[in-house]
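Read through the structure below, which is laid out as structure tokens, and then see the notes.
Just so it is clear, none of the values below were taken in a lab; they were calculated from the coordinates. Bear in mind the structure is a predicted one, so any value in this text is a computation, not a measurement. No Cβ is skipped: glycine too gets one built from the backbone with ideal geometry, and neighbour counts run over all protein chains shown.
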Amino acid sequence: MTDETLEETYKLIEKYHNKYLKEKGVRLPKLKDNNGRYTKDALVLVKLAENYPNTKIISKQELTSFVRKYYPDVSDVQQARHLGMQRGWNIVSGTRGDNGEKVPSGSYKLIDLENSYPAFAPKRRVGFDTDDFEQIKKEYGYKCVSCGTKEGEEHFFRKGVIVKLQKGHMNPSKPLVAGNIIPQCQICNRADRNRWIYDKTGRVIEVAETSDGVRIVKAFLQKASNKVKWEIFLFLKNLLR
Ligand SMILES: [Zn+2]
């Protein structure tokens, strides 16, 4: 396959993806990575979609030797299975097609570019944009977003403490209303209260604009090495100029 055919096939896939698959939650792999190389996912998808809609059964060995032209060190191409089962492309293996032809396991066939993989259910968005705390806890699997301990169970690090989830702030400068609530256990909610701004996955993303926030950063800097202190000093001097 020439690069030209490869890119034309990718464009065709992109067209079908926009029309049918995007809304089903199937994601289109990028054609090229940041270094301008074709991605392995795109190569495998293009190979499976060759001569679409007259696609063929393609063995893993064929896929591997195709990808090897671009990635000589590749030994075992797993992309076809991932693209199907996990990413939702209608790529089957070890099954009988509509026309009765058998796709052996370890070989793959792209059935079409209009339907998603039969068992594919896209990951649901976390429904954190509510003030129904039961709903929020359910979305997070009844776990503290910071330490992962489960409600009603003993805390990982505090023996004897039974976890009770509380409404934590994503941003402590804002009210505890829909869109600003994350579930935290009583330990994590207390320790970090008012210091940080979190994203919905519980990761710290900013210092809160509170006295606790300012104090914790000062405390960190006080403990830092002189090298770090100088770097921060020069950074701030530049920033505030
Ligand atoms: Zn916790």
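What the pair-distance distribution of region 133-209 shows, using all Cα-Cα distances binned every 5 Å from zero, is 3, 19, 29, 24, 15, 8, 1 percent. Gain on full extension, evaluated as 0.36 nm per residue between Arg37 and Ser59 minus their Cα-Cα distance, stands at 5.6 nm.
At what distance in angstrom do the alpha carbon centres of region 59-79 and region 1-17 lie from each other? Taking the Cα centre of each part, region 59-79 and region 1-17 sit 19 Å apart. The length gained by stretching the chain between Arg241 and Glu134 to full extension, at 0.36 nm per residue less their Cα-Cα distance, is 33.7 nm. Along region 107-116 the Karplus relation, 6.51 cos²θ - 1.76 cosθ + 1.60 evaluated at θ = phi - 60°, assigns HN-Hα couplings of 10, 9, 9, 7, 6, 7, 10, 10, 10, 8 Hz to successive residues, with x for each Gly and Pro. Region 101-168 and region 179-241 have Cα centres separated by 28 Å.
Do the sum for the chain: with -39,500 (n - 2.57) for every DSSP H run of n ≥ 4, divided by all residues, what is the mean residue ellipticity at 222 nm, to the nearest 500 deg cm²/dmol? Walk me through the numbers on the way to the answer.
On the way: 7 runs with 72 residues, N = 241.
Mean residue ellipticity, 222 nm, calculated: -9000 deg cm²/dmol.
Over the chain, the pair-distance histogram of Cα-Cα distances with 5 Å bins from zero comes to 1, 6, 10, 11, 10, 8, 7, 9, 11, 11, 8, 5, 2, 0, 0 percent, rounded to whole numbers. Taking 7 Å steps out from each Cα toward its Cβ at Tyr20 and Tyr71 produces label points 2.7 nm apart.
The alpha-carbon of Lys237 sits under 25 angstrom from the alpha-carbons of these lysines, leaving out residues fewer than 8 places away in its chain: Lys218, Lys223, Lys227, Lys229. Dividing the Cα radius of gyration of region 1-84 by 2.2 N^0.38 Å, with N the residue count, gives 1.05. Contact order, relative form, for the chain: 11 percent (alpha carbon pairs under 8 Å, 6 or more residues apart, mean separation divided by residue count).
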